[in-house]
């Protein structure tokens with residue numbers, strides 16, 4: 001297939017495909033699907049081999065968000081029956097993080113609901129980062145706290161943060177249909193603040209919100225332009241009690257095409273399968289590992305994923321290996337660029353330190369926007385109600401596939417990878 005050969009060649013050279021080529025990937029037929037996966041797999045293996053990076057979410061503050069993001073179970077006015085709690089103490093968050101690291105997670109993602117952090121919140125998260133790094137040598141920490149004000153990214157970096165997550169979620173043209181309490185430009189600004197501070201930028205999307213193919217291509221091209229090191233691909237979890245509860249638009253085949261398009265447009269970045277993979281990819285998750293090189297281990301912020309041990313078994317059975325703490329995730333050219341950006345940020349505009357110069361500078365929508373600490377490996381998956389169909393056509397509500405989180409950080413039940 002000429003299209004796929006062209007995309008592989010461009011991916012191996014880090015050359016941007018045309019918009020028409022990206023749209024053509026999303027328009028391929030089911031008969032061509034395995035060819036699409038195989039082509040994207042060649043690009044993935046060129047830059048990341050057969051390694052899979054594991055990430056682990058710790059929900060520092062759950063629910064009661066003042067923003068109105070239509071996809072989110074923590075939004076203003078949400079009737080979703082999720083856990084709600086205020087800030088975890090640093091030692092509580094550190095204990096939760098340790099469970100993920102014990103399961104093989106290389107990066108811990110600290111998430112808090114809300115429009116954005118106050119300076120006091122940044123201090124609180126800084127202490128949490130310090131506690132996690134003291135107990136877990138070599139672990140990466142990514143913060144996801146919403147919209148950042150001037151100077152906050154620098155303070156997080158000084159506290160030991162390695163990365164900052166803030167997703168664009170959808171195209172600029174349709175963003176106002178999803179959220180009205182902040183803008184697409186606000187999100188872009190926060191990603192740029194993270195970059196300027198020398199943090200690794202993590203920014204991705206949510207598929208399945210009723211967007212068009214053009215919207216998906218637009219947001220992925222924007223992510224490439226922002227030069228995100230990590231691109232989490234979330235698949236909408238249609239929570240009852242949210243405006244998008246009836247949006248069941250995805251099939252496993254559609255999800256694989258979306259992941260492949262992201263890989264071709266962003267060939268050398270960490271493409272992460274994030275929230276909703278168990279709900280929408282289901283038994284085709286192992287195929288997705290041929291495209292993406294990163295996943296979240298176990299559960300998500302407000303919904304359950306599959307058990308952590310099931311994730312590890314899936315990786316091994318598919319012929320992949322968990323990326324070790326001593327391995328650099330990004331290809332050398334991206335790792336070198338990130339190191340240079342960190343050095344430049346540390347110097348500030350006039351050769352002074354960034355802190356001395358005072359330079360650097362809505363709702364976070366974290367990668368895995370419905371996510372938390374992983375369930376115990378021995379825990380059985382939630383039973384499917386009697387009489388439920390094995391697979392429903394696109395658009396039919398499948399509430400049996402969405403399990404609300406009831407354990408982990410913020411509960412009396414300890415997380416366990």
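The values are calculated or read from the model by the stated rules, or taken from the named source; none is laboratory data. This one's a predicted model, so the numbers in the text were calculated from it and none came from an experiment. In this analysis, Cβ positions are derived from the backbone assuming ideal geometry, glycine residues included, and neighbour counts consider all displayed protein chains.
When the residues of the range 209-226 are narrowed to those that are in a loop (DSSP other than H, G, I, E, B) and out of contact with any helix residue (DSSP H, G or I) (no Cβ under 7 Å at 6 or more places or on another chain), which ends up surrounded by the most Cβ atoms within 10 Å (Cβ to Cβ)? Write out each step before concluding.
Going through the range 209-226, the residues in a loop (DSSP other than H, G, I, E, B) turn out to be 209-212.
Of the ones still in play, those that are also out of contact with any helix residue (DSSP H, G or I) (no Cβ under 7 Å at 6 or more places or on another chain) are 210-212.
Details: 210: 15, 211: 23, 212: 13.
Across the range 209-226, the extreme among qualifying residues is 211.
The residue that is surrounded by the fewest Cβ atoms within 10 Å (Cβ to Cβ), counting only those in the range 97-134 that are part of a loop (DSSP other than H, G, I, E, B) and in contact with a strand residue (DSSP E or B) (Cβ under 6 Å, 6 or more places away or on another chain), is 104. Checking 314, 261 one by one, the residue that is crowded, with 18+ Cβ neighbours inside 10 Å and modelled with pLDDT of 95 or more is 261 and no other. If the condition is being part of a loop (DSSP other than H, G, I, E, B) and farther than 16 Å from residue 300 by Cα, then the range 76-96 contributes 76, 77, 78, 79, 86, 87, 88, 89. Taken together, the residues in the range 30-60 that are under 30 Å from residue 184 (Cα atoms), assigned to a strand (DSSP E or B) and in contact with a helix residue (DSSP H, G or I) (Cβ under 9 Å, 6 or more places away or on another chain) amount to 7.
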